[in-house]
Every structure is written in structure tokens, then in C-alpha cells.
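Working notes, beginning with the structure itself.
The values are calculated or read from the model by the stated rules, or taken from the named source; none is laboratory data. Treat the numbers as computed from the prediction; the structure is a model and nothing was measured. Every residue, glycine among them, receives a Cβ derived from its backbone with ideal geometry; neighbour counts consider all protein chains shown. The area values use the complete protein model at the heavy-atom level, side chains included, leaving out ligands, DNA and RNA. Shrake-Rupley method; radii C 1.70, N 1.55, O 1.52, S 1.80 Å.
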Amino acid sequence: MCRFNDFVDKNYKRKSAEKTIAELGHRNFVDGNKGYLGITDILPSGCDEKTILSKTTKVEHDLEQLIVFGRGHLGEDMVADMFDGLKYKRQVEVLAKTRQGIDIKGHIDFVLEDKKQMVVVEVKTTSSEIDAPYESWIFQVQAQIGFLKRKYPNKIIRGYVFAINMNNGWHKAFPVEFNELLFDMVLAKADELAQHIIDKTISKGEAQLYCSKCSFKGICKTLNGANSQELPADVKEVVKKIVSLASLEKEIRELKSQLKDYMVATETTKAKADDNIVSLINVKGKRTVDVDLLKNMMPDIYTQFVVNDPGYCFIKVV
């Protein structure tokens with residue numbers, strides 16, 4: 001790493017840690033800190049192993065992940081401009097406790113309010129367009145609404161997830177209707193995690209989409225299992241290269257999708273791009289056999305011709 005990159009990396013990590021403590025306080029229980037469980041920690045759809053490790057050990061995110069977190073703050077600033085002229089509050093804090101006495105603390109991105117109602121708005125930045133909010137987002141807003149209902153029992157409280165794609169400007173608001181059963185699941189999860197923290201035990205984790213970004217994947221029992229072994233140094237370099245190119249692979253897929261949409265819309269099958277030739281290739285569908293239908297209608301024939309697939313192996317890096 002060159003001196004400039006080294007300076008940027010260390011300085012941003014320091015500044016980010018200072019801002020986090022100033023805005024949210026100490027979130028873990030390390031070195032005598034009176035930590036707390038955040039709302040995103042106690043979601044039933046989350047990974048318990050990651051949550052407990054983040055509360056009982058020191059965490060240092062890499063610069064790439066911190067930049068992603070910063071993208072979320074930029075999205076919130078955009079929404080604040082959209083709400084200009086309305087009566088709202090940002091980073092509204094809600095407080096509660098588990099049955100063991102451990103603090104629960106949440107920070108709601110926006111709360112719009114009038115005399116009769118409050119509207120929760122949770123802002124999420126995404127790299128793709130989505131048709132429905134993720135389960136974790138729904139649970140998060142359920143918890144936010146539930147804690148506000150405890151504090152303001154006489155008000156109507158509604159919620160939205162407002163998703164924004166920072167790459168192409170796509171955006172959509174998803175209404176979230178409060179469900180008492182889902183809120184009770186959040187509270188039960190908070191009590192369960194609190195007991196693990198008190199007992200200094202680690203719950204079993206769950207493999208999820210964000211495992212590749214997790215700060216604890218190197219020591220995660222769920223991912224590593226009993227058969228994991230340390231790779232030689234030169235092979236580790238191959239893995240690092242694969243990880244560094246993974247984001248480019250995704251970007252290439254998205255760019256090819258944009259290019260294909262243009263060529264299909266303009267009925268272009270071949271075109272020049274300076275010294276490159278771009279072709280739209282149409283692949284005809286293959287004739288195949290409906291295996292399930294054959295099995296149901298002609299089970300004897302199906303049995304005579306069915307063979308076992310030898311299978312294959314592939315590399316998965318998280």
C-alpha cells in the first residue's frame with residue numbers, strides 16, 4: 001500500500017470510529033463499556049453469532065465497508081432534502097430494556113409527525129432495483145414502530161422503507177404495516193441475545209447474503225465448520241485476487257444488461273464501439289424432456305432410462 005492510501009485508510013477509520021462513538025455511543029460490552037443492543041442486532045432474520053461476536057469483541061471494519069456505510073448517510077441527506085418543508089425529526093432515539101436489564105437502543109432515520117400520527121421512514125441504499133423490501137428491513141421498521149407505540153400509545157404510527165439506488169437514481173417507497181406478532185418476535189430475540197451476552201456463550205450463526213462482508217467470517221464456526229484448514233500463503237494470494245475481482249464481475253453483468261436493453265429496444269444486432277464489435281446473440285431454446293411429467297405418466301419408462309448425475313464441484317469464496 002502506498003503512503004497516500006495508507007494515510008487515507010487509517011485516517012478515515014479513526015474519524016469514522018470517533019463519529020460513531022459521538023453519535024451512537026459505545027455499542028459493545030468490551031473494556032468495561034456499558035454497551036447496548038441496537039435494533040438491527042435483535043432482528044429475527046439476523047445472524048446471532050455475528051451479533052454476539054460484535055458485542056463481545058472489538059470490531060474494525062475495512063475501508064471499503066466504511067465507505068458503504070457512508071453511502072447510507074448520503075442517501076439519508078438526499079431524503080432530508082426531499083422532506084424539506086415538512087415537520088420531521090432525524091435520528092430519533094427509542095429506548096427499551098431486555099428482561100435481563102440490558103439496554104435496547106434504536107435510531108430511526110426519519111419521523112414525520114403531526115398532532116394525530118407519526119410516520120417512520122427508514123432509508124436503505126441498494127445497488128439494484130428490488131420488487132419488495134428485504135425481510136430484515138421489514139423487521140427493523142416493525143421494531144421501530146413497536147417501540148414508538150409504547151412511548152406514544154395514543155398516536156397512529158405508520159412506517160415506510162424508502163429504498164434508493166445510488167447508481168442509477170431508482171427509488172421506491174414500501175409501506176410497512178405494524179404486526180404485533182412480528183414485534184413480539186423481535187423482543188424475544190433481544191432477550192435471547194442478552195442471555196448469551198450475560199452467559200458469555202455464542203449462539204449458532206446462519207449463512208446469509210452478507211457473510212462475505214462480515215468482520216468475523218475468519219472465525220465464524222458456521223462458515224468454517226470442523227473441516228476448515230489454513231491455506232498456504234501463495235494460495236491465499238489467489239483467494240485475495242478472486243475477492244478483489246468479484247465486484248468487477250458484478251459490475252460487468254450490470255453493464256452488459258444495460259447494453260442488451262439498449263440493443264433490444266433499438267433492434268440492433270451488431271454495432272461498432274470504436275475498435276470493438278458488439279453483437280446481440282440470440283440463443284434458440286433447446287428441446288428437452290419434462291422429467292416430472294414423464295415420471296408421472298410413464299413411470300416404467302422413466303425408471304429404465306433414469307441415470308445418476310455424477311455431479312460437479314465449484315469454488316465458493318465469502
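So what is the accessible area of the range 153-296 per residue, in Å², with the probe set to 1.4 Å?
Computed with neighbouring chains in place, this is 79 Å² per residue.
Enumerate the residues in the range 300-318 having an amide nitrogen under 16 Å from the point lying 7 Å beyond the Cα of Glu249 toward its Cβ.
Of the residues in the range 300-318, 313-318 have backbone N under 16 Å from the label point off Glu249.
Please state the charge dipole magnitude for the range 83-222, taken about the Cα centre, from unit charges on C-beta atoms (+1 on K and R, -1 on D and E), reported in debye and rounded to the nearest 20.
Using Cβ point charges on Lys, Arg, Asp and Glu, the range 83-222 gives about 380 debye.
Computed over the Cα atoms of the range 206-307, what is the convex hull's projected area averaged over all directions, in nm²?
Spelled out: convex hull of the Cα atoms, projected over all directions, averaged, 13.9 nm².
Tell me which of Gly218, Pro133, Ile198 sits at the most positive position along the dipole axis of the chain, charges placed on C-beta atoms (Lys, Arg +1; Asp, Glu -1).
The residue sitting most towards the positive pole is Ile198.
Please work out how much length the chain gains when fully extended from Lys295 to Glu180, using 0.36 nm per residue of separation minus the C-alpha to C-alpha distance, in nm with one decimal.
Once the chain is fully extended between Lys295 and Glu180, it gains 36.9 nm.
Mind giving me the FRET efficiency for Lys260 and Lys213? R0 is 35 Å, r the Cβ-Cβ distance, nearest 0.05 is fine.
It comes to 0.75.
Please report the relative contact order for the chain, taking Cα pairs under 8 Å with a sequence separation of at least 6, and give it as a percent rounded to a whole number.
Result for the chain is 15 percent.
Along the charge dipole of the chain, pointing to its positive end and built from +1/-1 on Cβ of Lys, Arg, Asp and Glu, which listed residue (Met166, Val264, Leu63) has its Cα farthest out?
Farthest towards the positive pole: Leu63.
Counting only residues 5 or more places away or on other chains, whose amide H sits under 5 Å from the amide H of Asn165 once H atoms are built in the peptide plane?
Close amide H contacts, sequence-distant or interchain: Thr126, Trp170, His171.
Round to the nearest 10 and give me the degree value, 0 to 90, for the angle of helix 63-82's Cα axis relative to the longest principal axis of the chain.
That works out to roughly 70 degrees.
Tell me the carbon and sulfur percent of the accessible area for the chain, rounded to whole percent, probe radius 1.4 Å.
Solvent-exposed carbon and sulfur of the chain make up 55 percent of the total.
Could you state the number of Å between the C-alpha centres of the range 236-285 and the range 153-217?
34 Å
Rounded to the nearest 500 deg cm²/dmol, what is the calculated helix-only ellipticity per residue at 222 nm for the chain, with -39500 (n - 2.57) per DSSP H run of length n ≥ 4? Let's see the in-between values first.
On the way: 9 runs with 139 residues, N = 318.
So the helix-based figure for the chain works out to -14500 deg cm²/dmol.
Label Val68 and Glu206 with points 7 Å out from Cα along Cα→Cβ: what is the distance between them in nm?
According to this spin-label approximation, the distance is 1.9 nm.
When the chain is fully extended, how far beyond the present Cα-Cα distance does Arg287 get from Asn33, taking 0.36 nm per residue of separation?
Length gained between Arg287 and Asn33: 85.0 nm.
Quick one: if you stick a label point 7 Å off each Cα along the C-beta vector at Asn167 and Asp114, how many nm between them?
Result: 3.9 nm between the two label points.
Express the C-alpha Rg of the chain as a ratio against the empirical globular expectation 2.2 N^0.38 Å, rounded to two decimals.
Against the compact-globule rule of thumb, the ratio is 1.26.
For the range 115-248, taking Cα atoms only, what is the radius of gyration to one decimal and the Dmax to the nearest whole Å?
Spelled out, the Cα radius of gyration and Dmax of the range 115-248 are 20.0, 65 Å.
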